[in-house]
1. If you find the alpha carbon centre of the range B:114-180 and of the range A:49-84, how far apart are they in angstrom?
2. For the residues A:383, A:112, what sequence is obtained by ranking on other C-beta atoms within 10 Å, fewest first?
3. Karplus couplings for the range A:473-483 from phi (6.51 cos²θ - 1.76 cosθ + 1.60, θ = phi - 60°), rounded to Hz, Gly and Pro as x?
4. May I ask you to list the GluC sites (Glu not before Pro) in the range B:293-328 that are in a DSSP loop and have at most 14 other Cβ atoms within 10 Å of their Cβ?
5. Using a basic spin-label model with each label point 7 Å from the Cα along Cα→Cβ, how many nm lie between residue A:46 and residue A:125?
6. Rounded to whole Å and sorted largest first, what semi-axes of the equivalent ellipsoid does the C-alpha gyration tensor of the range B:245-328 yield via the square root of 5 times each eigenvalue?
7. If each residue of separation counts as 0.36 nm, what is the full-extension length gain between residue B:210 and residue B:394 once their alpha-carbon separation is subtracted?
8. Mind checking the dipole of the range A:104-177: about its Cα centre, +1 per Lys or Arg Cβ, -1 per Asp or Glu Cβ, Debye to the nearest 20?
Amino acid sequence: MKRKVFDQSAPAIAAVVAYCIFASEMPRATAQPQSITSASSAPRQSPIILTDVTDRTGIDFVHTDGSYGKYFLVEAMSAGLALLDYDQDGDADVYFLNGAPINAKSNLPGAVNSMFRNDGDFRFKQVTRESGVGDDGMGLGVACADFDNDGFVDIYVNNYGPNVLYHNNGDGTFTDVTHAAGVSNGSLVGAGAAFFDMEADGDLDLYVGNYIQFDPALHRVHIHKGLPSYPSPLSFSPQFDTLYRNNGDGTFADVSKESGIHAVAGRSMGLLAFDYDADGDSDVVVANDTQENFLFENDGKGYFTEVGVQAGIAYDYRGKPQASMGVALLDIDHNGLLDLYFTSFSEEFATLYTNLGSGLFDDATLRAGASEATFPHVKWGVVAVDFDNDGNRDLLIGAGDLDDQRDKRGGVSKSTAFRVPNVLLRASSNGTLHDMKHDWGSAAQVSESTRGLVAGDLDNDGRVDCIALNARARPTVMRNESELRPYLKLRLIGTRENRDGIGALISVERGGDRQVMQTHCGNSYQSDCGQEWHFGLAPGVGPIRISIRWPDGSNQSLELAAPPTSVVKVLQFSP
Amino acid sequence: MSEHDPSANDVNGSNDDTLANSVGTSSRMGTGVRRPNVPSLAVGVLATVSLVAACVFHWLRSEAGKETLQRAANGMDTSSVNERRTAIGQGADARSTSANQTSTASQTPVAAEVTPPLLAIPPQASPDVLHEGRLVADQLVEFMPQSLEAKEMQARFEYEFGDTTRARQIWQSVIDVNPHYVYALVGLGDVATIEGQLQAAVRYYRQAVLADPNNLSRQVTLGIALLHAAQLDDAKQVLSGVLARDPKNVQAHVELASVLAQLQELEAAREHFEIALQSKPELAEIHFGLINVYRRLGNREKAAHHQAEHARLQKDVVAKRERGRREYNDDRAIQFDVGKLYVDMARVYLAGGFRKSAELLLLRASRMEPENVDARQALAAAAVGQGKPFDAIRWLSEISELRPDDVTFVREMARLYCQINRPDDAEKLLTSFVAERPQHLVARRALAMFFLEVRSQPERAVEHAQAAIDLSPTASSFAMLASMHEAAGNLQQAIESLKKAVELEPRNSSYQQALALLREGSDAKPVQNGGAQQ
C-alpha cells in the first residue's frame, strides 16, 4: 500500500512543532556567518567559486592504495571518506580511508585511516591516534551513524579484509566493537556501506556492499598498449552484499539470505538507502561496476526484492550496463520525487534517472544537458548540493582514470588522464544541467585522481564546501566562496527512532518553490557526507515551511519566518 | 586498461568473440571504441573468389572468370558483393567522390622492393609486438609518403595500439590533402568521441556520410553520434532516412527507438523496438527498451513479459562476458589485432607495387596469429594471382583447418584443383566434406554442380541436388534439380522440378521462362539455375 509522501491532513503547522531548537551554537569566532544577500523571487546566476584551500587546512593526509607494481584491481578502486561531527562541537570533522598493500608481508608504515578534527576556519588537527580510529586495513568504504542511539556518531569501515565498527565513546575516542557487534564481514572486498532502518524499529541496520570475489592468488597483471594495466572487474565473479539487522543491544545479525539480498550478486560500489517508491520504507540502491545497478525494494519488514530493471535504473537509456561508481540523491526537477545520479566509467555518461513516480525512473541524461561533460572521464564520487544557494542542487563529480599508466600510453587529454580536474555541473530550476568547465574557482584547476568526495558546510558559513579524497595523493579541500545567499541547514534528532533521523523525508517550501530530500547515510563514492541537510533558499520569499516525515510515518511541520543563519536542529515530536 | 567484452552482441548480430575487439578500448565494458571499420583485406579479395565459387565451375572457364581472379589476386577488385571495408577500398570510394583527390596508392610509382622491418623472431610479448607494428606502420609511410592509405594505416595503428593524439594528427594530415577521405573522417570522429568532443564527432561523421552517402552503416553511426550529442531531432531524421532506404536495418530500428523514447514519442519507439525484435528476438537490449516503453505506456503485462525475456537473455550474456574475461590473453589479443592490421598494410604495399613486401607481411601475420584467416586468404589470393595454385591451395587448406565447417574454402580449393586438371583431388575434397557433413546444404549444392559441370555425371548431380532439396525445399533448389535432370535427359522430371520452383516463387520470371522452354520441348537452352543462391 502506497502512502502519500506527505500527509496533507497533518495537523496545522506550528501546532505540531514540539521542539524546534534554533541552535545557538555558532561557529568558532573566526567563522561568523556572512550577511546574506536579499532573496529575490528570480535568482540571478552568480558564480560558483570553490577555492582550493588544502594547504592552509593542516590536513597532511596522503592517500596510498598500497600498490607496488602488482596491479591488483582493488588498489585502483581505492577509497571514500566521511564527514562527521564526532566530537559534537557543531562542525564537521573529516575521516579519510587509506589503503594497504595487498598480499604483502607488511603494511606501509603510517598508512592508516585518519581523523582530522575541525577546529574552525578551515583549520584541522590530526587526531587519529587519540581518537583511536587509525585502522590499517585496505580501506574502501565508510558509513557513519549513531547505531546504538547514544547520541554520538559511530564509524563503520568497509575494508578489503575484515571490516571495523568504531563505537564513539562520546569523549573524543572510539572503541573497536567489531567483533562484539558481529559485523566484520569476513575477508571480502568491501565497497560502500550505509546505515538505515529497514523495518522502522527505531535502530539502524547496516547494508554492506561487497565488490567482487577476489583471490590474489588468481590475479595476473594485464598488458594494455604495451604497459601493465589492471584487470577488468569482469575478470572476477560478482559478490553478494551483506545485510546486518541491528538487534538493538549493540549487536547485529547477518540477515543477508533471509532478507532477499542474496538473490543477486553484483559488483557493488557506491550505495545509499532511500524510499524510491514513496511507500514509507527505505529501499537500497546499489551502483554496480560493469553490470546492472540494483534497486532492492523493501517490503517494510526488511525483506527485499531486486527491481532495478523494472524500475528503469539497471541500465542506461540504450539498455547497456554501465560501470557505475558513485550515486547521489536529488530532486532535480522539483517534482517532489527523488531522482538518482550515477557516476560511471569513461565513454559512458554519468546518468541521471529522474523519478516518474509509481516506482519508475527514466534515463533523462541527454535531456538534462551537459552530458558531454561527463563522457570522457572516469567518474567516481558525486555530491548533489546547492553551491550557490539558488534552490537547485548542483553536481560536483570526482574524476580521474583508474590506471596510473594511462598517461604513458599516449593520447590522454585533460579529461582522460590519471589526474584530471573534477567536473561541476550547475543545475537550473528547470532541471537542466550546465557544464561549468573550469570556471568555478581554483579548485577547478586542481588535477588529481579523485575517488571519494563529500560535501558539507565545513566553516558553518551557510555555503557547502567539499573535500575530495585523491588516489595516491593529498586530498583537495574546497572552500565555497560563492556569493552568500539564504539557506537552511537542518539536523534531525530522532526520539522515537534512530537518533540521526536517518530515513526522514524533508520538504522545504518557500515562495512556491519546493525542495525535498531524504536523509540518508552513505552516498557518493563509498563515502558519507554526514547528517546535516542543506537547502539553498534564494529563489523564494516569505516564510519557510518545513515538513518532515519521520521513518515511523509520523509527520512534523514547522515554519520559519526568515532564513536562519545557523543550523536548525529539529527534535522529533513526542506525543 | 585493456578491456574485452567478448559477449558484446551488437544489434548487427555480430557476436564478435574474437580477441580483436578487445584491444584499444578504454571502456570497461569493452564497447567503448568503435573501430573505423577494421579493414579486412581478404574479405574483399576472397569475396570475389567466393563469388567465383558461387557461380561454380562452368563459369570458371569463362574469360570473365579469369579476369576477376586476376583482380582478386591484385587485391583491387571492385566488384565484390560485400561492402569494401578496406582503407584502399575506401580510398577508391573517396576518389570517386572527390575531384580533389591528389594521392592514391595506385598512383605511387613502383619502386624497389622494401623489406618490412620485421623482427627476426616473431615477437610474442605484446610490447614487442607493438614495437614491431609501429616500425612497420612508420616504414609504410616512409616508403609511400604520398599514399593516404599508408597514412591511414599508421593512424589506425596509433589509434588502436598507441597514441590517439598522434592518430588524430595523422588523420588530420590526410584530411588536409583530401577533405573527403572517409576513413580519416571516421577516425577523427572516433578520436573526438573518446575525448568527449561529441559535437565535433558529429561533424566528422556527418562529413563522412556526405563523402560516402551510400554507406548506411556509417549513417547509423552518425545517428548514434547525434543521439549521444543530444541532437535528438537530427538523430531521428538520420535514422529514419536509413530506414527509408533499408527498412530491415535492425540497428537503425533500435537506435531510432532509443531516440524516440528520449523524445517521449513512446508509441513510435515501441513500434520500432517491436520491428527490431522480429529480426533479433535474442537481443536483450531490445527487450529492455520494450520494458521501459511498455511500463511508461501503462502496459504492465507486456512489460513483465519482456522483463522475463530480458532476464533470460541477460544470464547468457553475462556468463559469456565473464567467461571471455577469464580466458582473455593480452599477448594473444595484441598479436591477433596487429596481425589483422598487417593484412591491411600488406594490401597497401601490394597496391604500391611492393608485392614481396606484402607477402612478407602477410606471412608474418599468419604466423603471429595462428587463426588469422584474413592473412591466409590474402596469401592465397596473391598466389592465385601469381599463378601458383599449389601455394594457394596450401593457404586455403590451412584456413580450412581453422574453419572446418566453412565450405567456402573447400570449394575454392576444389576450383583450383580443377584449374590445374586435378579433378580427382577436387572430388575427393568435396565428397569428404559432404560425407562428414551430410546436412550441409551449400556443400551438397556445390557437389551437385561439380558432378554436373566438371564430371559431366548428371545422375550423381541429381543425387546431391535431391539431397539439397531434402535439406531445403526452396525454389532455387528445385531449379537446380531441374537443371540436373535436364542435363541427364530427364525432361519430364526437369519440368516437374521447375513446376515446384514456380509454385514456390510464382513471381520469378526466370523459372517461368525456363519452364515454358522445357514445355515447348526446346533443347536449345539448358535450364538456368535462375535465382539460385549458394
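1. So the two Cα centres are separated by 39 Å.
2. Numbers: A:383 28, A:112 21.
With the sparsest Cβ surroundings first, the list reads A:112, A:383.
3. The phi angles translate into 7, 6, x, 10, 9, 10, 8, 7, 10, 5, 4 Hz.
4. Numbers: sites: B:301, B:309, B:322, B:327; in loops: none.
Sparse-neighbourhood loop GluC sites (Glu not before Pro): none present.
5. Using points 7 Å along Cα→Cβ, the separation is 3.3 nm.
6. Values: eigenvalues 118, 54, 22 Å².
So the equivalent ellipsoid measures 24, 16, 10 Å along its semi-axes.
7. Working: separation 184, 0.36 × 184 = 66.24 nm, distance 4.29 nm.
Value of the extension gain: 62.0 nm.
8. Values: 5 positive and 11 negative charges, 85 e Å.
It works out to roughly 400 debye.
All of the numbers you see were taken from the coordinates with simple rules; none came from a lab. A quick note: this is a predicted structure, and the numbers were derived from the prediction, not measured. Positions of Cβ are generated from backbone atoms using ideal geometry, with glycine treated the same way; all protein chains shown enter the neighbour counts.
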